[in-house]
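Asker: After the C-alpha cells below, expect a handful of questions from me.
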Amino acid sequence: MANHKATKKDVRQASKRRDRNRYNGKTTRNAIRDLKATTDKKVAGKELSEVVSMIDKLAKTGVIHKNKAANLKSKLTKKVNALA
C-alpha cells in the first residue's frame, strides 16, 4: 500500500463498503432462507415483498448481478405461489 493520503482514505472507504455489502448480503440470504421455510401463504406473501426489495437493493448497488436478482425473485415468487 502506498503512503499517500488518498490511498489510505481509499482503503478506509473500501473497508467500510465491504463490511456494509457483507452485512446486507448476509441479511438478505437469511431472509431468503426464512421465506423458503415458510409454509403459510399469507405470511409468505407479505415476506416476499420485503425480500424482493432487499434483492433489488443488492442488485442496484452491484453486490449481486441483476440477472441473479431476477432469477432469485422468479424462483421465490414461484415458490410462494405454489403454497396451498
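Bear in mind that the values in this text are calculations on the coordinates, not laboratory data. Remember, predicted model here, so these are calculated numbers, not experimental data. Quick reminder, even Gly has a Cβ in these numbers, built from the backbone with ideal geometry, and neighbours come from all protein chains shown.
Asker: Taking the Cα centre as origin and putting +1 on Lys and Arg beta-carbons and -1 on Asp and Glu beta-carbons, what dipole magnitude results for the chain, to the nearest 20 debye? Walk me through the numbers on the way to the answer.
Answerer: Working: 24 positive and 7 negative charges, 72 e Å.
Roughly 340 debye for the chain.
Asker: Taking the Cβ-Cβ separation of residue 52 and residue 18 as r and a Förster radius of 22 Å, what is the calculated FRET efficiency to the nearest 0.05?
Answerer: Details: r = 25 Å, r/R0 = 1.12.
Step by step, r from the Cβ atoms, then E = 0.35.
Asker: Sticking with this structure for a sec: Once every DSSP H run of n ≥ 4 in the chain is given -39500 (n - 2.57) and the sum is divided by its residues, what mean residue ellipticity at 222 nm do you get, rounded to the nearest 500 deg cm²/dmol? Walk me through the intermediate numbers first.
Answerer: Details: 3 runs with 71 residues, N = 84.
Taken over the chain, the calculation gives -30000 deg cm²/dmol.
Asker: Here's a follow-up. Determine, from the Cβ-Cβ distance of residue 66 and residue 9 and an R0 of 22 Å, the FRET efficiency 1/(1 + (r/R0)^6), rounded to the nearest 0.05. Please list the in-between numbers first.
Answerer: Details: r = 30 Å, r/R0 = 1.35.
E between residue 66 and residue 9, to the nearest 0.05, is 0.15.
Asker: Just want the ordering: 64, 55, from fewest to most Cβ atoms lying within 10 Å of their own Cβ.
Answerer: Ranking 64, 55 by Cβ neighbours within 10 Å, fewest first, gives 64, 55.
Asker: Round to the nearest 0.05 the FRET efficiency obtained for residue 27 and residue 81 when R0 = 35 Å and r is the Cβ-Cβ distance.
Answerer: Details: r = 24 Å, r/R0 = 0.70.
Efficiency computed from Cβ-Cβ geometry: 0.90.
Asker: Near residue 8, which lysines are there with a Cα under 26 Å away, not counting those fewer than 8 places off in the same chain?
Answerer: Partners found: 16.
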